[in-house]
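Notes follow the structure.
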Amino acid sequence: MKKFILTILLALPTFTAFNMQAGDKPIAATELPAEATNFIKNFAPATLTAAAVDDDFFRPDYKVFLSDGTAIEFRHNGKWEEIKNHNGIPSKVIPAAIAQYLDTNYKGVAVTNISYDADDLDSYEVKLASRVELKFDKSGNFLTMEYDD
C-alpha cells in the first residue's frame, strides 16, 4: 500500500506538468498540415491572421483565424472540423449535396457555422443566420431541423 501511495505521489507532478502544457499554443502558418493550408486558400482574398495548435499528446488539433472573421478548426490530419463566420461561409467549402439542399430550401440565407463530427456517425451540422440548425448525414442527406431560439 505504501508503494502504491508513493507511486501516485511521484506521478502526480508529471500529470500536472502535462496539463499545464496542454491548450492552445500559437504557431506559424508553416506548421499547419498541408491539407489545412490548401483548404484556407478557398477563403481568398482573406488571409491567415493567427494559428494555434492544441497538442493533446495524441493528436494535435489546429485553429486558424482569417482576416474576414472566419475561424476554422482542423483535425490532426488537416481536415476541417468546424468553420464559423457570422457574415457567412463561402458555399464552395460546403459539401456539394448540402450546398444544393441549402440553395433549394434556404436560398439567400447565410451559413454561419458548419461542423463535421466524425465521432457522431460522420454527420454535419449547419447553422444558418436565420437561427435554423440542420443536420445531415455523411453523404449530405438531410436528417433533422431545429430552430435555435
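Quick notes
- From the options Phe65, Phe43, Phe58, Phe39, residue that is surrounded by 14 or more Cβ atoms within 10 Å (Cβ to Cβ), among the hydrophobic types (A, V, I, L, M, F, W, C) and within 22 Å of Asp119 (Cβ to Cβ): Phe39
- Close pairs (6 angstrom Cβ cut-off, 6 or more residues apart or separate chains): touching a residue at least 40 places away in the same chain (Cβ under 8 Å) in the stretch 94-120, of a type in the set (Asp, Glu) and assigned to a loop (DSSP other than H, G, I, E, B) anywhere: none
- When the residues of the stretch 128-149 are filtered to those that are in a loop (DSSP other than H, G, I, E, B) and among the hydroxyl-bearing types (Ser, Thr, Tyr), the one that is nearest to the chain's Cα centre (by Cα) is Ser139.
- The residues of the stretch 98-113 that are within 14 Å of Ser139 (Cα to Cα) and either surrounded by fewer than 16 Cβ atoms within 10 Å (Cβ to Cβ) or in contact with a helix residue (DSSP H, G or I) (Cβ under 6 Å, 6 or more places away or on another chain) (or both), listed by number, are Ala99, Gln100.
- Qualifying residue in the stretch 124-146 (condition: in contact (Cβ under 8 Å) with a residue 12 or more places away in the chain, of a type in the set (S, T, N, Q) and touching a strand residue (DSSP E or B) at 6+ places or on another chain (Cβ under 6 Å)): no
- Within the stretch 114-131, if we keep just the residues that are of a type outside the set (D, E, K, R) and crowded, with 16+ Cβ neighbours inside 10 Å, the residue that is farthest from Asp68 (Cα to Cα) turns out to be Ser123.
- Residue check, Phe74 hydrophobic (A, V, I, L, M, F, W, C) and exposed (fewer than 13 other Cβ atoms within 10 Å of the Cβ): no
Read-outs throughout are calculated quantities, based only on the coordinates presented, and are distinct from any laboratory measurement. Worth saying up front: this structure is predicted, and the values here are computed from it rather than measured. Every residue, glycine among them, receives a Cβ derived from its backbone with ideal geometry; neighbour counts consider all protein chains shown.
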